[in-house]
Every structure is written in C-alpha cells, then in structure tokens.
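The values are calculated or read from the model by the stated rules, or taken from the named source; none is laboratory data. Not measured: the values here are computed from a predicted model. So basically every Cβ, Gly included, is an ideal-geometry build from the backbone, and we count neighbours across all protein chains shown. Side chains are part of the model used for accessible areas, which takes the heavy atoms of the whole protein and leaves out ligands, DNA and RNA. Shrake-Rupley method; radii C 1.70, N 1.55, O 1.52, S 1.80 Å.
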Amino acid sequence: MRAAYVLLADLVCVVVFASLGRGAHGEAVGAALVAGTAWPFLVGCLAGWAVLRAWRTPLRPRIGVALMVITVAVGHVLRVVAGGRTHWSFILVSIIALTVLLVGWRLAAQLVRGRRGSLAR
C-alpha cells in the first residue's frame, strides 16, 4: 500500500512541474491544458517505476534520482514524437525541477522518519 502512495506523490510532482511551467510562461493552467503538458512526463514517470521496480524501495532518494532521469528522457522524447518541441534550456529546467520534486520529497520524508525514530528513543 505504501508504494501506491509514493507513486501517487511522484505523479503529483510531475503535474506540479507541468503546472508551474505553464504558469511561469503565462499560459493557462486549466486541467486539460496541464494534462496536455504533463502527459509525456507522466508516462516517463510510470515507465521509470516499471524499469526501476520502484515499488520495492520507493522512498530511497537514489530511486528518485534514477526516476528523474527516466522521466525527463522519456518525457522529452514523447514530447518530440507527438509533434511538440523541446529545447536544451527546457531539458535543463526539467532536470532541475524534477530533481527538486522527486528527490526532494524523499529526502524530506527521510528527515521526518529519522526525527520520529530519535523521538521514540
């Protein structure tokens, strides 16, 4: 069950990434528009989960790093294949943003779990 929540958190991170990106460019952020931007990266995230078998150790930060790499690579390839465009600056921004989102929340979760463990002692 925990892995399902972690997967959901990762997918939410990808949607947040797409929403923030659209907002940063002054584009509308309606659900359908965000979905149109997010879908290649959502597919990439799901592919990453499958390739990494992330459900086995979903909270490890290194899973987040590998997941970011796969999400970015698959996301940009699908974006181009679907007729969209990409640019090196967008690739760089997506690497940074998805690292912060996919790895960052895992690191925060580890800190919280570590503090809870130290409080129980």
* Asked: Using a 1.4 Å probe on the protein chains only, how many percent of the accessible area of the chain belongs to carbon and sulfur?
  -> 70
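Provide the FRET efficiency to the nearest 0.05 for the THR57-ALA35 pair, computing r from the beta carbons and using R0 = 25 Å.
About 0.30, to the nearest 0.05.
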* Computed over the range 1-68, Kirkwood Rh from alpha-carbon pairs, angstrom -> 12.5
* **Å² per residue, accessible surface of the range 1-75 at 1.4 Å** => 52
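If N is the number of residues in the chain, what value comes out of its Cα radius of gyration divided by 2.2 N^0.38 Å? Mind dumping the intermediate values first?
Details: Rg = 15.2 Å, N = 121, 2.2 N^0.38 = 13.6 Å.
Cα-based Rg divided by the globular estimate yields 1.12.
Just from its helices, what would the mean residue ellipticity at 222 nm be for the chain, if runs of 4 or more DSSP H residues each count -39500 (n - 2.57) and the sum is divided by every residue, rounded to the nearest 500 deg cm²/dmol? Kindly include the intermediate steps, with their values, before the conclusion.
Details: 4 runs with 99 residues, N = 121.
After summing the helix terms and dividing by the residues of the chain, the value is -29000 deg cm²/dmol.
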* Is the range 41-108 rounded, prolate or oblate when judged by the Cα gyration tensor, a ≥ b ≥ c being the square roots of its eigenvalues, rounded requiring a/c under 1.5 and prolate requiring a/b larger than b/c? -> oblate
